[in-house]
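> Input: one structure, supplied below.
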Amino acid sequence: VADDTIALGRWRFARESPGYTLAFAAVVCIVCALLVAIAAVSLQPAQEAKQQHYVQKNVLIAAGLLAPGVDISAAELRRVFAERIELRLVDLANGTLVPPEVMDAAGFDPRRARSDPALSQPAPANRAGVMRLPRYALVYVLKQGGALDQLVLAIDGLGMWGTVYGFIALDADATTVRGLTFHEQKETPGLGGEIGNPAWQALWRGRRIFDDKWQPQLTVIKGPAGAPAQDPLRVDGLSGSTVTSNAVTHLVHFWFSPAGYGPLLANLRSGKVQP
Ligand SMILES: Cc1cc2nc3c(=O)[nH]c(=O)nc-3n(C[C@H](O)[C@H](O)[C@H](O)COP(=O)(O)O)c2cc1C
């Protein structure tokens, strides 16, 4: 005689009973939840590696070592980084580079540092929407024949819909822009989202961050700017997107102010810091 009951632990249910159906559903839920949890945990390192690959790729794009839209393998990216880029940490308060034996730049997580009270503090009042200022920031140093060629610096600030993250590459003169990328942003595609458009980013090349008094002045204006040689302190605005354009101006002004990279760049100009 077929047994029409099923055991679950010390309980026994009739197969057609509501108790059996509920217990069956509960078991399926628990198994699925476990599978999802295991997948999330085991895939996390791969996700982090992918994220790091994407961020580092954008450092290369800002530095002009990789064309936008071109893919690069993880091995090739590692090779270019090893050969061309020195990763350093800057102490933002005094603009000095932290000796690698004091603190390892490779293990520094800028986002985590922002939420760590030991590694960050409330930012001074600013129009970029930056709430917390890290004590240290990553500096990607590129050299040519032993001399400083360019620096790639991380920038971020509040756009219309969320924080936008990017990189800006500067010549050894510590003011001329080599390149710009925005690799993470939630601005509206076709409007503020155009800050991610390589054609607009290309307009930044050759512009200058600082005016003659070394104040950060580069401004995303409403409408078109002139050529970099004639109009070095202004960049074309994004049409219909003044909110995002202004946000980019504010974040550039903040990150190149004395609260941000100002002291580092002053030290580079005076020769006090030689990466
Ligand atoms: C659905 C929607 C999404 C928008 N997204 C953006 C945006 O991402 N960035 C932005 O600057 N303006 C955005 N705007 C437009 C702004 O509200 C504002 O009108 C615009 O920035 C003004 O720019 P203008 O002076 O060049 O016209 C959006 C508007 C709407 C209705």
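> Looking only at region 6-35, count every residue that is of a type outside the set (A, V, I, L, M, F, W, C) and exposed (fewer than 11 other Cβ atoms within 10 Å of the Cβ) and tell me the total.
Of region 6-35, the ones of a type outside the set (A, V, I, L, M, F, W, C) are 9-10, 12, 15-21.
From the residues that got through so far, the ones that are exposed (fewer than 11 other Cβ atoms within 10 Å of the Cβ) too are 9-10, 16, 18.
Residues meeting the conditions: 4.
> Can you tell me which residues in region 20-43 are among the polar types (S, T, N, Q) and either at pLDDT 95 or above or not in a helix (DSSP H, G or I) (or both)?
Ser42
> Across region 89-108, what is the total count of residues that are closer than 21 Å to Gln52 by Cα, out of contact with any helix residue (DSSP H, G or I) (no Cβ under 8 Å at 6 or more places or on another chain) and surrounded by 12 or more Cβ atoms within 10 Å (Cβ to Cβ)? Spell out the reasoning first.
At the first step, the residues of region 89-108 found to be closer than 21 Å to Gln52 by Cα are 89-90, 100, 103-108.
Next, only the ones that are out of contact with any helix residue (DSSP H, G or I) (no Cβ under 8 Å at 6 or more places or on another chain) stay: 100, 103-108.
Subset that is surrounded by 12 or more Cβ atoms within 10 Å (Cβ to Cβ): 100, 103, 105, 108.
Total satisfying the criteria: 4.
> Okay, moving on. Those residues that are among the small types (Gly, Ala, Ser) and touching a helix residue (DSSP H, G or I) at 6+ places or on another chain (Cβ under 8 Å), I need them from region 173-192; list them, please. If you could, list the steps in order and put the result at the bottom.
If we filter region 173-192 for residues that are among the small types (Gly, Ala, Ser), which is where we start, we get 174, 179, 190, 192.
Matches in region 173-192: Ala174, Gly179, Gly192.
> Still on this model: Can you name the number of the only condition in (1) of a type in the set (A, V, I, L, M, F, W, C); (2) crowded, with 17+ Cβ neighbours inside 10 Å; (3) over 17 Å from the mean Cα position of the chain (by Cα) that Trp214 fails?
Exception for Trp214: condition (2).
> Taking region 149-171 as the search range and keeping residues that are free of Cβ contacts under 8 Å to residues at least 40 places away in the same chain and over 12 Å from Asn58 (Cβ atoms), which one is nearest to the ligand (Cβ to nearest atom)?
Here the answer is Trp161.
> Read through the list (1) part of a helix (DSSP H, G or I); (2) charged (D, E, K, R); (3) surrounded by 12 or more Cβ atoms within 10 Å (Cβ to Cβ), then give the number of the only condition that Glu86 fails.
Result: Glu86 fails condition (1) only.
> Run Arg208 past the list (1) in contact (Cβ under 8 Å) with a residue 12 or more places away in the chain; (2) over 30 Å from Arg84 (Cα atoms); (3) among the basic types (Lys, Arg) and report the number of the one that doesn't hold.
(2)
The values are calculated or read from the model by the stated rules, or taken from the named source; none is laboratory data. Every value quoted in this text rests on a predicted model; they were computed, and no experiment measured them. Please note: Cβ atoms are built from the backbone with ideal geometry, for glycine as well, and neighbour counts cover all protein chains shown.
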